[in-house]
Amino acid sequence: MKRRDFFKRVAQGTAGAAAAGVLGAPVLAQDDLPELDWQMPTSWPLSLDTLYGGAQLFAERVGTLTGGRFRITARAADELVPGTEVFDAVSEGAFRIGHSAWYYYVGK
């Protein structure tokens with residue numbers, strides 16, 4: 001078998017498997033999803049637009065992907081909890097989600 005034919009068949013098989021996986025996956029109707037509204041404390045002030053903006057972008061993307069049924073509101077540092085206490089607040093159950101950095105919690 002020639003090398004080009006081999007790679008052509010591999011590509012066809014991969015594309016077929018990917019299509020079967022995507023088409024065979026169960027799809028939830030938007031009405032089947034529960035409505036959720038979560039507050040997400042972050043460790044970032046509004047002035048750090050790349051980090052805080054990333055948290056906002058994540059929240060917007062989740063809302064878009066769920067048809068607005070799962071809403072996450074990003075909150076700046078010190079708005080809900082101090083910036084270095086986001087992990088503690090989430091681990092204690094005060095919030096279901098947080099956006100922070102691992103290096104604030106070394107040794108915990």
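Values in this text are rule-based calculations from the coordinates and carry no lab data. The shown structure was predicted, so the numbers you read here are calculated from the model rather than taken from an experiment. With ideal geometry, Cβ positions are generated from the backbone for all residues, glycine too; neighbour counts draw on all protein chains shown.
On full extension, the segment bounded by Glu92 and Asp32 gains 18.6 nm, given 0.36 nm per residue less the C-alpha separation.
Distance between the pseudo-spin-label points of Ser47 and Thr84 (7 Å out from Cα toward the beta carbon): 1.7 nm. With θ taken as phi - 60° and the Karplus curve 6.51 cos²θ - 1.76 cosθ + 1.60 applied, the whole-hertz 3J(HN,Hα) list for region 76-93 is 5, 4, 6, 7, 10, 9, x, x, 8, 10, 4, 4, 4, 5, 6, 5, 7, x Hz, x standing for glycine and proline. Scanning residues 5 or more positions from Phe70 or on other chains, those with amide H under 5 Å from its amide H are Leu36, with H placed 1.01 Å from N in the peptide plane.
Fully extending the segment from Trp102 to Thr73 would add 8.3 nm, taking 0.36 nm per residue of separation and subtracting the current Cα-Cα distance.
Scalar couplings 3J(HN,Hα) for region 45-58, obtained by applying the Karplus form with A = 6.51, B = -1.76, C = 1.60 to θ = phi - 60°, are x, 4, 5, 8, 5, 6, 7, 5, x, x, 5, 5, 4, 4 Hz; x denotes Gly and Pro.
Each residue of region 95-108 was assigned a 3J(HN,Hα) from its phi angle through the Karplus expression (A = 6.51, B = -1.76, C = 1.60, θ = phi - 60°), giving 9, 8, 8, x, 10, 8, 10, 5, 6, 6, 10, 4, x, 9 Hz with x at Gly and Pro.
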